[in-house]
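First up is the structure itself, then whatever we jot down about it.
The values are calculated or read from the model by the stated rules, or taken from the named source; none is laboratory data. Because the structure is predicted, anything quoted here is derived from the model rather than measured. A quick note on method: Cβ atoms are made from the backbone with ideal geometry, for glycine too, and the neighbour counts reach across all protein chains shown. Areas reflect the complete protein model, heavy atoms only, side chains present, ligands, DNA and RNA absent. Shrake-Rupley method; radii C 1.70, N 1.55, O 1.52, S 1.80 Å.
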Amino acid sequence: MDNKTKKITTTAMLCAIAYVVMLVGRIPISTMDFLKYDPKDIIITIGGFIFGPASAFIITVIVSLLEMVTVSTTGLIGFVMNVVQSCSFACVAAWLYKRDHTLKGAVKGLVAGCFTSTVIMLLWNYFLTPIYMGMPRDAVAEMLLPVFLPFNLIKGAINVALTILVYKHVVSALRMARLVPPSQSSEPAQNSGIIIFISVLLLAVCVLEILIMKGIIRLPF
């Protein structure tokens, strides 16, 4: 199997995985039911880390199109928002990782993707949510900081933490299948351990925040 065929095969596999995790992993993380988290951006970002930002874009478009024609109720607007959101996270992360192909570069890319996605989605929520939700723009504007900002930050933070935690395992499986080349990285094990610990802690904080937002856990003040 030549490199081009391997790339196409791996990209198709990642598209399928991203679609499946989107179907089974939808979790409401806000009191508003239409604000749901799904893990597809993790798979899209892994594809971008392996093959570059262009591949992240291709996977995003394919998965978003499949989502639109199968389970989405927001039509073309939802498709566009999915593409913009996923690309603003995954493509930014993959682009920065491509420039600095180290663990530090991956973390920088993921953090930059998180904040880029959050800012862009606040703008898109302001302009497009009134259209597909049938809400007055003033009402949406009032929701930007208390609802949409924490939702997008938590969603991005979960993607950052889980991408760091699962990337190595996914790529190792692909290397065992000889679909991607062996690693050329020699990152210190100590640095990796610190990053993993921080990722687990970040994930735990996000879960706690979701439970508080949904009223499952109540603060004593």
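Quick rundown of the values:
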| quantity | calculated |
| --- | --- |
| Residue match in region 9-19 (condition: under 16 Å from the mean Cα position of the chain (by Cα), in contact (Cβ under 8 Å) with a residue 24 or more places away in the chain and farther than 30 Å from Gly193 by Cβ) | yes |
| Some residue of region 92-102 being open to solvent by 70 Å² or more (accessible area, probe 1.4 Å), under 27 Å from Lys7 (Cβ atoms) and of a type outside the set (D, E, K, R) | yes |
| Residues within region 112-144 that are in contact with a Leu (Cβ under 9 Å, 6 or more places away or on another chain) and open to solvent by 40 Å² or more (accessible area, probe 1.4 Å), tallied | 2 |
| Wholly enclosed helices (runs of 4 or more DSSP H) of region 50-147 bearing at least 3 residues under 28 Å from Gly193 (Cβ atoms) | 75-99, 103-133 |
| Top-ranked residue in region 64-84 [being in contact (Cβ under 8 Å) with a residue 40 or more places away in the chain and touching a Ser or Thr at 6+ places or on another chain (Cβ under 8 Å); ranked as surrounded by the most Cβ atoms within 10 Å (Cβ to Cβ)] | Met81 |
| Boolean, Val107 is crowded, with 16+ Cβ neighbours inside 10 Å, in contact (Cβ under 8 Å) with a residue 24 or more places away in the chain and touching a Ser or Thr at 6+ places or on another chain (Cβ under 8 Å) | no |
| Flag if Gly193 is modelled with pLDDT of 95 or more and within 24 Å of the chain's Cα centre (by Cα) | no |
